[in-house]
Every structure is written in structure tokens, then in C-alpha cells.
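Each value in this text was obtained by applying a stated rule to the coordinates, not by laboratory testing. Remember, it's a predicted structure, so these values are computed and weren't measured experimentally. Backbone-built Cβ (ideal geometry, glycine too); neighbour counts: all protein chains shown.
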Amino acid sequence: MLNILFAASEVVPFAKTGGLADVAGTLPEYLVKNGCSVRVFLPYYSTIQVDVRKVSLVVDSVDISVGDTVHRAEIWEVQTSSPVRVYLVRCDFFFRRVSLYGTPDGDYPDNAQRFILFSKAVFEFCYRSGFVPDIMHCHDWQTGLIPAYLKTICRVRDNPLRECRSVFTIHNMAYQGVFPREDFSLTGLPDSVFGITGLEFWGKMNMLKSGILYADRVTTVSEQYSREIQTPEYGCGLEGVLRDRRNDLHGILNGVDYDVWNPARDPHISAVYDPSDLAGKKKCKTALLKEFGLPGLLAEKPLIGIVSRLAAQKGFDLIEKCFEELMQQDIGLVVLGAGDAPYQDMLERFARAYPDRAGVVIGYDNVLAHKIEAGSDMFLMPSQYEPCGLNQIFSLKYGTVPIVRATGGLDDSIVDYDPKTGQGTGFKFAEYKAAALLRTVKRALKFYHKPDHWERIMLNGMACDFSWTESAGKYVRLYKETLKKSVGLSANQ
Ligand code: ADP
Ligand code: GLC
């Protein structure tokens, strides 16, 4: 049996700001179904509400140095009904905060320290408990140092983790964990690790680069994105580093959790429905309009839904450019989003301009996200880039037709509708231009008004299977291949 240690900064149902949490919370369940034993680690943020009777202290008071400062940490295990074991790294000095990474004014200034401590705590757990994973599977910059620790500090004869391999998954190239050069001394890594073939990035320390360089295998969350990030347009300055590692770089499309995202048994929606009877979807639309305070008559018009982090990545600048023309199309629009203040202001302006047709909720609301998936006719995701994207995949299952830009995982998961063959699950455009977005919405609306075509598109999408089964199998094969490679120092040391 393969022993896998997962390390991530967010994991459902404990802490979430985006899709990373969905992946880190669900993939382990499927790895277990594929014969792995999985232990998942995340920080014990004060926002995590677990019943005190359901957590037990497994590592009591361990001193962890971050540079010259020693912090006391604890590791708690959560009792869950799942075979996946979940551990929370507690250090109130770093994780007793209102949010995960920062405030609307910016990132917490000590994020390097916070995630160095988290990474080191994962090692302390192994040393103290005697747990020796076959693979440490790390996610995003917050855990990017772990592969570097494994390849340096642990690669000595008497270290119990000397044989442990690492897989590093990139969920988003735009968040790299770049910190001042001086912060490198906080890591405790040997000086040789800093430099152009190491963590150095334009004079600073880059924790994503660390994961890419030192992991035995690197993955990202769609095949298309694995190709895109090797180009200057999408590589965010690390395209050369990724090209150097192209033989070890794999794109594995995320799956979704159909136990949670399924209109046939979703407890959050007004009426359940499935491909054999779509009547419930109409009820969901009516209830959704009511929830947004929009007139019931709008139920007769096509309704476009958006659920998104409000970030430049998600294409809101395109929506801004063509918003007036979009609203001339006699549609309804409902948006749920949290994030950057300028996009919040923009959306609120839209809602004020069209109070009878556009509804906006600013905030993070999981239940409302489900209601939008169920009650909308179309789901808009005009992303500038999208490593995978989960909402368009949820939308397919809810018969909510995705309109997406053909990039990354959006391109890999959505097939453009072809009226001649009746094949296709949504509508795609390639150019990152407002005119292309508008044209594509108009094309979707044309078919919306042809119910035979529309039902066909909906049913095509609802029949798709993006469960984790296949992708989890790919990860297990990758783990096994990784284990075949002998340990030793990587070429860059
Ligand atoms: P990203 O990780 O880039 O934000 P994904 O599409 O992979 O994009 O995943 C986003 C996840 O976060 C989905 O589960 C989505 O439903 C959820 N989500 C995003 N914004 C909100 C919000 N404002 N309220 C509730 N859920 C949200
Ligand atoms: C990131 C990406 C998103 C992806 C998610 C989970 O947040 O922006 O496209 O689906 O990670 O991998």
C-alpha cells in the first residue's frame, strides 16, 4: 500500500478560498479507493470550527525554528468518518487570524514565516510519529519548500525520510510566494539552494519555483495548462524553469465531487432534478430570482450565472467592456463573488444600473453557489487563464450551459456545440476580447431560443463524467513511476 502525505493550505470542509480546497479535500478520498493510505495536513486556522470532542492532540508542543525565532506548535488529528486522516498544525501566533492569507489590504506580511512553519511541522510529525510516507504530495507555493527540504536536509544516511519522494501540484502560476531575499535565511535550507538554479527569482526568494525545481514530479491541473505554462504568456516568468522540467511535468484534469455537486441530491437547492425530469430546474430558477430580489417574470428570460473569486484571472475586465451590450440582450444576470475591491464596486454598479435584471451578492456563500448552479440557464467564465476551473464542470452536471474562454481546463472540459452533429456541451471563444465574449453569448442565446437544441446541450453536459475516478488513477500511476526513480540529488544541486 502506498503511504501518501498531502500538504495543502486549504482543504474542504475545513478551510476554503477556492478550488485548491476542493481538490485537496476530495482527491485523497479517491486515492484511498485506489489502494493508497492518505494523511492530509493543513494549518489549524482559527476560522476552522471543529467540535473539540472530535480533535485529539497527536504532537504536543514541538519547537519549530523559523530563522532565529522558535515557535511552539501542536498537531491535532481530526476524527472524521472517512478513512483519510486529517491533521491540523496549530500555532496561534501565525494562524489565529481573520482569514487564510491576508486582508483586503493585502497579504499578511509574515506569510513566508507562516508557511515555513507549516512545512517544517509536517516533517516534525513524521519524525515524532515514525510515519514515513512514500510520497509527499504538495500543493501550490505554500508547500513549495517541502520538496527542497526532502532533497537537501533529508537526503542523509540517518534521516528516516531519505527515501521519501515528492510530487508538486501547481494550481495557479500567478501565486508564487515571492519574498525578500533576506527571508531565505528563515527557511533553514543550505545556502547552495539559493541562486539562479535554486529558489532565487530576480533577487528574491520564490517558493513556487522551489516546488517546481525540487519535486520528483510536477503536475498541474489540466493538460492544456501544462502546455500553456511553458510559454511566456502563461508562465508568469517561470516558463523556462517549467520547460527545463517538461519531462517530469504532467497535466491531470481535476475531478469534482458528485456527492456534493449533483442536482439529483443537492440539499441546498429548492427542487432536485436529473436528466429524466428537468422540471425541478425551473423551480430552482424561480427560487433563485426571488433570493436575489429579482422579478418573477424574469423566469421567462435566459438567466446567466457567475460564481467566482473576484480576481483579474476571471475575465471581469471583458465583462465590464461589453456589459451594456450584454444587457441589451434581454437577459437576467446573477453574480456571487468575493475578492478584489475594484471588481466588487464594478458589480455593485451593474446591479444598481439594472435593478430588475442584475443581482449581485458580494461575499463567500457556499449554499448560494449551489443555488446559482441549479437556477441559472448559463454559466459564464470568460477567464484570462484557468488552470482547471471547477465551476464549469459543476455547471455541466446541473444542466447549466457553460460559456467559457478556451483556455486551460476550460478548454479541456467544455466542447463547443455543433448544431450539425448535436455534439457539444457549451460555448467557447478563443480571443481574450470583449467582442468575442459578446458574440459567444449571442450564439448561446440563439440556441436557448431553440428548445430542442438547448435541451440537447443540457443533456450532453449532464451526461459527462468528471468524477475523480480516472484522474485519481493517473495520480496513483504517477506516484508509482516516481517511486521507481532512484533517490539521489537532482541535477540542479
Ligand atoms: P479558483 O480556484 O480559481 O477560484 P475554481 O473554479 O477551481 O476556481 O474553484 C472555485 C471554487 O470556489 C468552487 O468550488 C466555487 O464554487 C467556489 N467559490 C468561488 N467563489 C465563491 C463564492 N464567492 N462563494 C462561494 N463559493 C465560491
Ligand atoms: C486554482 C485555479 C483553478 C483550479 C483550482 C483547483 O485556484 O485557479 O483553475 O481549478 O486551483 O486546482
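Table for the structure above
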quantity	calculated
Under 16 Å from the THR103 label point (7 Å along Cα→beta-carbon), backbone N, the stretch 173-193	none
The stretch 190-286: chymotrypsin sites (Phe, Trp or Tyr not before Pro) in DSSP loop, at most 10 other beta carbons within 10 Å	TRP202
Spatial separation of Cα centroids for the stretch 1-65 and the stretch 79-157, in angstrom	10
Fraction of alpha-carbon pairs over 26 Å apart in the stretch 69-203 - percent	25
C-alpha long axis of helix 341-353 to longest principal axis of the chain, angle in °	10
Mean-position separation - Cα centroids, the stretch 171-205 and the stretch 212-266, in angstrom	21
Over 32 Å between alpha carbons, listed pairs LYS282/LYS474; LYS446/LYS474; LYS371/LYS428; LYS33/LYS450; LYS16/LYS151	LYS282/LYS474; LYS446/LYS474; LYS33/LYS450
In the stretch 152-198, trypsin sites (Lys or Arg not before Pro) in a DSSP loop with at most 16 other beta-carbon atoms within 10 Å	ARG157, ARG162
Per DSSP, loop trypsin sites (Lys or Arg not before Pro) in the stretch 47-147 with at most 14 further Cβ within 10 Å	ARG96
Two-decimal Rg to Rh for the chain - Kirkwood Rh, Cα set	0.98
Packing-based ranking, highest mean first, of 292-299, 457-464, 100-107 given that Cβ atoms within 10 Å are counted	457-464, 292-299, 100-107
Reachable aspartates and glutamates from LYS301, criterion Cα separation under 13 angstrom, eight or more residues apart if same chain	ASP330, ASP356, ASP377
Estimated translational D of the stretch 15-95 in µm²/s (Stokes, Kirkwood radius over Cα pairs; 25 °C; 0.890 mPa s)	176
Percent antiparallel among DSSP beta bridges (both partners in the chain, rounded to 5)	30
Label-point separation, LYS301 to ILE196 (7 Å along Cα→Cβ), nm	5.8
Between 0 and 90°, nearest 10: helix 451-462 axis offset from the chain longest Cα axis	20
Ratio Rg/Rh, restricted to the stretch 291-366 and using Cα atoms, in which Rh is the Kirkwood radius	0.94
Net +/- balance of residues flanking MET1 in space, Cβ distance below 14 Å, scoring K and R +1, D and E -1	+3
Chain lengthening between SER185 and SER276 when straightened (0.36 nm per residue, less Cα-Cα)	26.7 nm
DSSP bridge pairs, the stretch 1-121: antiparallel proportion in percent, nearest 5	60
5 Å binning of all Cα-Cα separations within the stretch 279-464, expressed as whole percents from 0 upward	1, 9, 19, 23, 24, 17, 7, 1, 0
DSSP bridge orientation in the stretch 279-464 - percent antiparallel, rounded to nearest 5	5
Tilt relative to the chain, helix 279-291 - C-alpha long axis, 0 to 90 degrees, to 10	80
Cα-centred dipole magnitude for the stretch 279-464, charges only on beta-carbon of K, R (+1) and D, E (-1), debye, nearest 20	460
